[in-house]
Amino acid sequence: MSVREVWQLTRELLEATALPWPAEEREARLVQVDELLRRREEWLRELRPPYSEEEQRLGREIVAWNREIEARLRQVRDEIGSDLRITEAKRQANACYVHPYEQPLSIDGMFYDKKR
């Protein structure tokens, strides 16, 4: 097990998380990213010091790529959350049109007589 294999898997992960993520491809890309993360985690457990100068350089590159990968995955998570909120709002609006009398009546247009 070497740092070079972890570096290669991290590079593949960086490419797999490249933006944008169209909604049609999202599920397949999530499966691919999950598989790469799982494989990389197994390789990371196997690493043992001491590291050569080149391995240390590759390690610094891996750490830099990890920050970028995490930022990309956070953005994808936020997009998914936004899509879920929009879908829920559409579902609720649609339910109001399909079953208009199941909702309680609103009183926002009611007249209030101050004199009585």
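The values are calculated or read from the model by the stated rules, or taken from the named source; none is laboratory data. In this text the structure is predicted, and so the values were computed from the model without any measurement. Here the Cβ is made from the backbone with ideal geometry for all residues, glycine too, and neighbour counts use every protein chain on show. Surface accessibility is based on the protein's heavy atoms, side chains included, excluding ligands, DNA and RNA. Shrake-Rupley method; radii C 1.70, N 1.55, O 1.52, S 1.80 Å.
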Work out how much length residue 25 to residue 92 would gain on full extension: take 0.36 nm times their residue separation and subtract the Cα-Cα distance, in nm to one decimal. 21.5 nm
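Tell me, what is the per residue accessible area of segment 3-88 in Å², probe radius 1.4 Å?
Details: 5890 Å² over 86 residues.
Per residue, segment 3-88 has 69 Å² of solvent-accessible surface.
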What is the list of residues in segment 3-28 whose amide nitrogen lies under 18 Å from a point 7 angstrom out from the Cα of residue 44, following Cα to Cβ? 3-18
Residue 67 paired with residue 52, simple spin-label distance in nm, labels 7 Å along Cα-to-beta-carbon: 2.7
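Can you pull the percent of the chain's accessible area that's carbon plus sulfur, 1.4 Å probe, other chains left in place? Could the numbers behind the result be given before it?
Details: 5120 of 9450 Å².
Roughly 54 percent, rounded to a whole number.
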Highest first, please rank the peptides 93-101, 26-34 by the mean number of other Cβ atoms sitting within 10 Å of their residues. 26-34, 93-101
Taking the chain, the whole-percent share of alpha-carbon pairs separated by over 22 angstrom is 56
